[in-house]
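This report refers to the structure that appears directly beneath it.
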Amino acid sequence: MALPPASLELRELGNTGLKLSCVGFGASPLGNVFGPVSDEDAIASVREAFRRGINFFDTSPYYGGTLSEKMLGKSLKALGVPRHEYIVSTKCGRYVEGFDFSADRVTRSIDESLARLQLDYVDILQCHDIEFGSLDQVVNETIPALQKLKEAGKIRFIGITGLPLEVFTYVLDRVPSGTVDVILSYCHYSINDSTLEDLLPYLKNKEVGVITASPLAMGLLTERGPPEWHPASPELKSACQAAVAHCKEKGKNISKLALQYSLSNKDFSSVLVGMNSTGQVEENVAAAIEVTTVGKDEETLSEVEAILKPVKNQTWPSGIQH
């Protein structure tokens, strides 16, 4: 089989020394979150991703009620490559049964995750969707517990994730510098919402690496459209539908355009995209390589941005604030 013509760009993650592929493999679909995925398809997807230069794989015990971790673990083992050749991130604090950011639970959580992933350590452990818990507990109890796990060699770096951007500043302003290595933000760096960009100078100052997820805005920027439960306003959904229709008329794929928009900002170490088939892996890698070699479709992008301008940066609420 011929080798791909160009390789995926690797980007440094804050001060960690890790170099992440600019496209990251979001493993939530391996937990059957978007429909059933066979063991064979999961293994083939991960193998193809690794072959094409994706070295960063992200999961959580919450995805598919632990199934995502099990499937990712099985798939990574099937690669048969040295452990240092790939980077694995999982999460703690959010489970199918609810949220629990207590030191005891997150300490047990990593052992459970490592068993499912069939690994001795994960590269990054992230507190998952912290806006649903007590941010003060995350600062005073959860993160110190994660530091102990770091000392024990079970995790290499510590991260936090959430939807509202203010949760990041709340926590980072209250923990010692260098304690939190990375943040994972979703739905705030896509064509319809680029508010994460405003936080970049602050995060750089804090020396925190940044991963962005959901470049397709949880389905808003896809031809299939968002799921029924999507929390966006009718106005935002309608504007995104108009943008999708415009791209379709021009023979363009809005999902590819949206991914390329997110990839174009090199301040983000990786753009996480959910994948569950070799076809999706191929599409995403091709889109990323096209950005670095040819560039993105600026004309269509500016037309889409004009359609979305009335709803630009409109977000939706997520859970309980501190």
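For the range 195-222, which residues satisfy the criterion of being more than 25 Å from Leu18 (Cα to Cα) and either in a strand (DSSP E or B) or open to solvent by less than 20 Å² (accessible area, probe 1.4 Å) (or both)? Ala217, Gly219, Leu220, Leu221, listed by residue number.
Residue-level check: of (1) open to solvent by less than 60 Å² (accessible area, probe 1.4 Å); (2) under 25 Å from Asp41 (Cβ atoms); (3) modelled with pLDDT of 95 or more, Met275 misses just (3). Within the option set Val291, Val285, being in a helix (DSSP H, G or I), of a type in the set (Val, Ile, Thr) and under 25 Å from Ala42 (Cα atoms) holds for one residue only, Val285. Quick check on Glu131: is it closer than 25 Å to Tyr186 by Cα, outside any loop (DSSP other than H, G, I, E, B), of a type in the set (Asp, Glu) and touching a helix residue (DSSP H, G or I) at 6+ places or on another chain (Cβ under 9 Å)? The answer is yes for Glu131. Being open to solvent by 10 Å² or more (accessible area, probe 1.4 Å), touching a strand residue (DSSP E or B) at 6+ places or on another chain (Cβ under 9 Å) and either at pLDDT 95 or above or among the acidic types (Asp, Glu) (or both) is a property that holds for Phe132.
Filtering the range 283-311 to residues that are open to solvent by 60 Å² or more (accessible area, probe 1.4 Å) and over 19 Å from Leu263 (Cα atoms) leaves Ala306, Lys309, Pro310. None of Ile124, Ile110, Ile160 is open to solvent by less than 20 Å² (accessible area, probe 1.4 Å), in contact with a helix residue (DSSP H, G or I) (Cβ under 9 Å, 6 or more places away or on another chain) and under 28 Å from Tyr261 (Cα atoms) except Ile160.
The values are calculated or read from the model by the stated rules, or taken from the named source; none is laboratory data. Please read these numbers as outputs of a predicted model, since none were measured by experiment. Glycine gets a Cβ as well: all are built from the backbone with ideal geometry, and neighbour counts include every protein chain shown. These accessible areas exclude ligands, DNA and RNA; they are computed on the full protein's heavy atoms, side chains included. Shrake-Rupley method; radii C 1.70, N 1.55, O 1.52, S 1.80 Å.
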